[in-house]
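Working notes for the structure below.
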Amino acid sequence: MPKKVTAQNQYDLAIAGGGLAGGLIALALNKLRPELDIALIEAEDHFGGNHIWSFFDSDIDEDHRWLLDPLISRSWESYDVHFPKYSRSLGSGYNSIESANLDRELRARLPKTALKTGCKVKKIKSGLLNLDDGNALAANTVLDVRGGGDISALEFGWQKFSGQMLRLKEPHGLERPVIMDATVKQIDGYRFVYCLPFGKKEIFVEDTYYSDTKEINSKQLNNRIAEYANQQDWEIDKILHSESGQLPVLYGGDFEAFWANNKGPDARAGVRAALVQPITSYSLPMAVKTAMIIADMPKITQKKLDKLLKDLAFQHWTDGKFYRMLCAMMFKAAKPEKRYLTLEHTYAKDEALIERFYAGKTTKLDQAALLSGKPPVPITKAIPVMLKYR
């Protein structure tokens with residue numbers, strides 16, 4: 001039985017989950033709604049997990065950049081991609097955030113009473129958050145940002161990855177990120193290597209796969225990172241940081257059933273509400289948008305927040321239909337070793353179109369352009385997929 005709730009843990013708003021989405025909401029509320037007494041509850045002993053998040057300048061509304069700017073570790077004015085048919089440099093700004101920066105800013109800006117680490121939320125019901133240790137926390141309004149959840153009602157493949165921050169013995173020579181190097185051997189689906197030059201000798205290298213399975217052999221992937229470094233004539237001095245993960249790439253399913261399967265308040269954000277970029281499954285752009293929408297509410301109540309965030313999630317699902325169709329083409333119509341052709345086809349298009357593509361602002365003309373030319377998958381397989389997922 002949970003312990004009796006006392007006045008000391010009664011809050012205006014409690015955020016269950018201190019990852020990226022929950023942390024950004026807390027920072028936005030702290031800045032724009034300082035009158036609110038909030039709690040940010042995280043199961044681990046620090047906020048943000050163990051990640052590097054990245055985004056294009058065009059992903060974020062200029063008026064919202066203030067929320068991210070203090071978190072940014074490195075920014076670049078351009079980036080490169082490499083495919084078997086071509087390499088290309090693009091002039092879009094690119095930025096990376098280390099999760100330690102989110103933890104640092106939350107601890108610096110929010111009062112200690114708002115930050116609750118090592119507290120796993122077991123159940124949320126009627127403004128009461130039951131914790132694993134038997135304690136409970138009460139709030140007038142509760143927001144569920146605990147990640148994952150039950151996605152059995154949806155159709156999806158996996159984006160899985162293993163990354164390492166390397167310190168090299170000599171400078172790597174990269175002036176800007178390599179967002180995709182798909183010239184590597186295609187294994188377990190669409191494989192590419194991702195490189196972020198953090199310093200002259202420091203570089204983050206990630207081995208990524210758009211795969212049918214979520215299983216990761218970290219030792220094997222780390223060996224492939226070492227092989228890639230060797231191919232670039234980079235001699236590794238030390239591995240400074242490692243991370244790995246699996247993100248579902250959603251391309252279909254019953255969103256109503258997905259929502260119903262995950263119990264709790266309708267006030268959900270981040271991955272818990274499938275508020276992710278449909279192609280990459282990255283959550284940062286929608287996390288910023290969600291944080292600003294919540295902070296701009298004239299009055300935050302459970303009823304209003306439930307409606308606002310449920311409507312946002314369902315609209316985002318509707319808006320992502322074209323992108324999910326492209327993902328379905330990659331996972332359902334292309335041979336695993338030929339999936340790279342989908343992105344090779346996309347990156348050959350106009351640079352402004354590519355910016356809109358990642359920002360989720362693809363126009364009807366963009367859609368026509370992306371579907372024009374030689375199809376990256378066999379037409380006999382493409383047509384049934386298009387008919388099902390259009």
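The values are calculated or read from the model by the stated rules, or taken from the named source; none is laboratory data. On a predicted model such as this, the values are computed, not experimentally measured, just so you know. We place every Cβ from the backbone using ideal geometry, glycine too, and count neighbours over all the protein chains shown. Areas reflect the complete protein model, heavy atoms only, side chains present, ligands, DNA and RNA absent. Shrake-Rupley method; radii C 1.70, N 1.55, O 1.52, S 1.80 Å.
Show me the three semi-axes of the equivalent ellipsoid for the chain, from the C-alpha gyration tensor (sqrt of 5 times each eigenvalue), largest first, rounded to whole Å. Please list the in-between numbers first.
Details: eigenvalues 254, 129, 74 Å².
Computed over the chain, the values are 36, 25, 19 Å.
Computed in the context of the full set of protein chains, the accessible area of the chain at 1.4 Å probe radius has 50% of its extent on carbon or sulfur. Distant-in-sequence amide contacts of Lys123, defined by a placed amide H-H separation under 5 Å and a gap of 5 or more residues or a different chain, comprise Asn130.
Other residues lying with their Cβ under 10 Å from the Cβ of Asn30 contribute a combined charge of +2, Lys and Arg counting +1, Asp and Glu -1.
Length gained on full extension, Lys31 to Lys120, computed as 0.36 nm times the residue gap minus the Cα-Cα distance: 29.5 nm. Note on the range 62-159: along the principal axes its Cα atoms extend 57, 39, 25 Å, ordered by decreasing extent.
Annotation: for a label point projected 7 angstrom from Cα along Cα→Cβ of Ala260, residues of the range 120-158 with backbone N closer than 13 Å are 153. Extension gain, Arg167 to Arg65, is 33.7 nm, computed as 0.36 nm per intervening residue step minus the present C-alpha separation. A 1.4 Å probe run over the chain, with the rest of the protein chains in place, finds 46 Å² accessible per residue. For the chain, adding -39500 (n - 2.57) for each run of n ≥ 4 DSSP H residues and dividing by the number of residues yields -9000 deg cm²/dmol at 222 nm. In loop segments of the range 137-171 as defined by DSSP, the trypsin sites (Lys or Arg not before Pro) with at most 10 further C-beta atoms inside 10 Å of their C-beta are Lys169.
For the range 222-379, just run the numbers: alpha carbon Rg, then divide by 2.2 N^0.38 Å, N being how many residues it has. The range 222-379 yields a ratio of 1.28.
Enter the Cα centre distance for the pair the range 170-229 and the range 242-311, rounded to the nearest angstrom. A separation of 29 Å, based on Cα centres. Scaled against 2.2 N^0.38 Å for its residue count N, the alpha carbon radius of gyration of the range 78-229 is 1.39.
By the Stokes-Einstein formula, at 1.002 mPa s and 20 °C, the range 308-354 with its Kirkwood radius over alpha-carbon pairs has D equal to 173 µm²/s.
For the range 172-303, take N as its residue count and report Rg(C-alpha) divided by 2.2 N^0.38 Å.
1.36
Residue by residue, the range 46-53 carries 3J(HN,Hα) couplings of 8, 8, x, x, 10, 9, 10, 9 Hz when phi is fed to the Karplus relation 6.51 cos²θ - 1.76 cosθ + 1.60 (θ = phi - 60°); x denotes Gly or Pro. Taking only the alpha-carbon positions of the range 237-313 and ignoring solvent, what does the Debye formula give for the base-10 log of I(q)/I(0) at q = 0.15, 0.17, 0.21 Å⁻¹? These q points yield log10 I(q)/I(0) values of -0.61, -0.74, -1.01. Distance between the 7 Å Cα→Cβ label points at Met297 and His51: 2.2 nm.
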